[in-house]
1. Please find, among 34, 30, the residue that is closer than 11 Å to residue 74 by Cβ, not aromatic (Phe, Trp, Tyr) and not in a helix (DSSP H, G or I).
2. Among the residues of segment 47-69, which ones are modelled with pLDDT of 95 or more and either of a type in the set (S, T, N, Q) or outside any helix (DSSP H, G or I) (or both)?
3. Between a first residue in segment 57-70 that is surrounded by 11 or more Cβ atoms within 10 Å (Cβ to Cβ) and a second residue that is among the aliphatic types (A, V, I, L, M) and assigned to a helix (DSSP H, G or I), which pairs have beta carbons less than 7 Å apart while being 6 or more apart in sequence or on different chains?
4. Which count do you get for residues in segment 17-64 that are among the basic types (Lys, Arg), closer than 16 Å to residue 2 by Cβ and over 13 Å from the mean Cα position of the chain (by Cα)?
5. Check off (1) of a type in the set (D, E, K, R); (2) within 14 Å of residue 74 (Cα to Cα); (3) outside any helix (DSSP H, G or I) for residue 25 and give me the number that stays unchecked.
6. In this structure, does residue 29 turn out to be at positive phi and touching a residue at least 12 places away in the same chain (Cβ under 8 Å)?
7. Taking the conditions exactly as written (free of Cβ contacts under 8 Å to residues at least 40 places away in the same chain and buried (at least 16 other Cβ atoms within 10 Å of the Cβ)), does residue 40 satisfy them or not?
Amino acid sequence: MKELLEIIAKALVDYPDEVSVNEVEGENGLILELRVAQEDMGKVIGKQGRIAKAIRSVVKAAAIKQNIRVSVEIVQ
């Protein structure tokens, strides 16, 4: 899941070297924390959060195939 999120995020941003994903074990499954450069926050979130929602949907769909509960958080 971590690699999938990194690939998607790096394709969207202007500074792909600053993309990092941190895995945290939560009570309800795996939490993926996505960090990008400050200038790229708007590109990852999108208008009204549409891109962020799409990223979460893709990652969750891939996680269901592996029977894992995953949530994606975009942090600064």
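The values are calculated or read from the model by the stated rules, or taken from the named source; none is laboratory data. This structure is a prediction, so every number in the text was calculated from the model and none was measured. All Cβ positions, even for glycine, are placed from backbone atoms using ideal geometry, and neighbour counts span all protein chains on display.
1. On the way: 30 fails: closer than 11 Å to residue 74 by Cβ.
Exactly one of 34, 30 is closer than 11 Å to residue 74 by Cβ, not aromatic (Phe, Trp, Tyr) and not in a helix (DSSP H, G or I), namely 34.
2. Residues satisfying the conditions are 48, 57.
3. 58/8; 59/4; 59/5; 62/4; 69/63; 70/59; 70/63
4. Of all residues in segment 17-64, those among the basic types (Lys, Arg) come to 35, 43, 47, 50, 53, 56, 60.
Next cut, closer than 16 Å to residue 2 by Cβ only: 35, 56, 60.
Keeping just the survivors that are over 13 Å from the mean Cα position of the chain (by Cα) gives none.
Qualifying residue count, segment 17-64: 0.
5. Of the numbered conditions (1) of a type in the set (D, E, K, R); (2) within 14 Å of residue 74 (Cα to Cα); (3) outside any helix (DSSP H, G or I), the odd one out for residue 25 is (2).
6. Working: at positive phi: yes; touching a residue at least 12 places away in the same chain (Cβ under 8 Å): yes.
Here the answer is yes, as residue 29 does meet what is asked.
7. yes
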